[in-house]
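> What follows is a single structure, and I will ask about it in a moment.
The values are calculated or read from the model by the stated rules, or taken from the named source; none is laboratory data. Since we're looking at a predicted model, the values are computed, not measured. Counting neighbours? That spans all protein chains shown, and the Cβs are built from the backbone with ideal geometry, glycine included. Just the protein is used for accessible areas: all its heavy atoms, side chains included, with ligands, DNA and RNA removed. Shrake-Rupley method; radii C 1.70, N 1.55, O 1.52, S 1.80 Å.
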Amino acid sequence: MLIPSDATQDPAGSALVEAFALFCLDRFPDAARVEDAAPGRMTAMPRAQVQRYLHADPGRGWTYRTDDGAYVLTIEDPPYHTCAVRREYAAPPRYRLPWLLLTQLWAASAGRGPFQESPPEVMRSNGLLIEAGGRLLPGSAGNDVFLEIKTTYPDGHFEQRLTRRVIGR
């Protein structure tokens, strides 16, 4: 398992990982279970707002509210069957170690692994700096791709997104 050189975490990073676990590991790809995950804390987004995140791709989205803030949850329908949890921050949260450990334990409990790491990518688009890294988890019934994507906006704030894409199921 890859352990980052900065193995620290903070409450904001831990909360992001907990939201990812609740929706994208514990319930996804079963859409009905995702919608029932947090009664009273989820508000469905109108289609126009979902399109802000998924563009022309089909899917649904919710705002998930916790004591520490609001997250955006999107489920992109096939062919890109993806669960994503994202939140905006003034500074990037430190989440990587708990995220790596969580996904590694999840894979091990399912009898799957090891992860195949892909090199990080950096791109600029419309004034945004986008940094993405991925990990592929092969399986006999299909593959899971785990992505972490950090978008830096021109005003200096960040959006951190953790995703799980299910391929071939």
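> Can you find even one residue in region 132-144 that is of a type in the set (A, V, I, L, M) and either open to solvent by 60 Å² or more (accessible area, probe 1.4 Å) or over 23 Å from Ala19 (Cα atoms) (or both)?
Residues of region 132-144 that are of a type in the set (A, V, I, L, M), as a first pass: 132, 136-137, 141.
From the residues that got through so far, the ones that are either open to solvent by 60 Å² or more (accessible area, probe 1.4 Å) or over 23 Å from Ala19 (Cα atoms) (or both) too are 141.
The answer is yes, given that some residue of region 132-144 is of a type in the set (A, V, I, L, M) and either open to solvent by 60 Å² or more (accessible area, probe 1.4 Å) or over 23 Å from Ala19 (Cα atoms) (or both).
> Oh, and also: Can you spot a residue in region 134-142 that is part of a strand (DSSP E or B) and modelled with pLDDT of 95 or more?
No - not one qualifying residue is present in region 134-142.
> Of all residues in region 9-29, count the ones that are part of a loop (DSSP other than H, G, I, E, B), without any contact (Cβ under 8 Å) to a residue 60 or more places away in the chain and either surrounded by 17 or more Cβ atoms within 10 Å (Cβ to Cβ) or more than 16 Å from the chain's Cα centre (by Cα) (or both).
We begin by selecting, within region 9-29, every residue part of a loop (DSSP other than H, G, I, E, B); these are 9-10, 26-29.
If we keep only those that are without any contact (Cβ under 8 Å) to a residue 60 or more places away in the chain too, we end up with 26-27.
Right, trim to either surrounded by 17 or more Cβ atoms within 10 Å (Cβ to Cβ) or more than 16 Å from the chain's Cα centre (by Cα) (or both) and you get 27.
Qualifying residue count for the region: 1.
> Turning to a different aspect of this structure: How about region 49-78: which of its residues are of a type outside the set (D, E, K, R), modelled with pLDDT under 95 and more than 20 Å from Arg164 (Cα to Cα)?
If the condition is that a residue be of a type outside the set (D, E, K, R), modelled with pLDDT under 95 and more than 20 Å from Arg164 (Cα to Cα), then Thr66, Gly69 are the ones that fit.
> Quick check, is Thr43 assigned to a strand (DSSP E or B) and open to solvent by less than 30 Å² (accessible area, probe 1.4 Å)?
no
> Another question, then. Which one is farthest from Ser14 (Cα to Cα) among residues in region 120-131 that are open to solvent by 50 Å² or more (accessible area, probe 1.4 Å) and touching a residue at least 12 places away in the same chain (Cβ under 8 Å)? Give the steps one after another, and end with the answer.
Pass one, region 120-131, residues open to solvent by 50 Å² or more (accessible area, probe 1.4 Å): 120-124, 126-127, 131.
If we keep only those that are touching a residue at least 12 places away in the same chain (Cβ under 8 Å) too, we end up with 120-121, 127, 131.
Working: Pro120: 22, Glu121: 24, Gly127: 29, Glu131: 20 Å.
The selected residue is Gly127.
> May I ask you to verify whether Thr151 is among the hydroxyl-bearing types (Ser, Thr, Tyr), surrounded by fewer than 19 Cβ atoms within 10 Å (Cβ to Cβ) and outside any helix (DSSP H, G or I)?
Answer is yes for this residue.
> Going through region 30-40 one residue at a time, which ones are in a loop (DSSP other than H, G, I, E, B) and small (Gly, Ala, Ser)?
Ala37, Ala38, Gly40
> Search region 133-154 for residues that are at positive phi and pair each with any residue that is part of a strand (DSSP E or B) when their beta-carbon atoms are under 9 Å apart and the residues are at least 6 apart or on different chains.
Gly142/Val166; Gly142/Ile167
> What are the residues in region 67-111 that are open to solvent by 50 Å² or more (accessible area, probe 1.4 Å), in contact with a strand residue (DSSP E or B) (Cβ under 8 Å, 6 or more places away or on another chain) and assigned to a loop (DSSP other than H, G, I, E, B), if any?
Tyr80, Ala90, Ala91, Pro92
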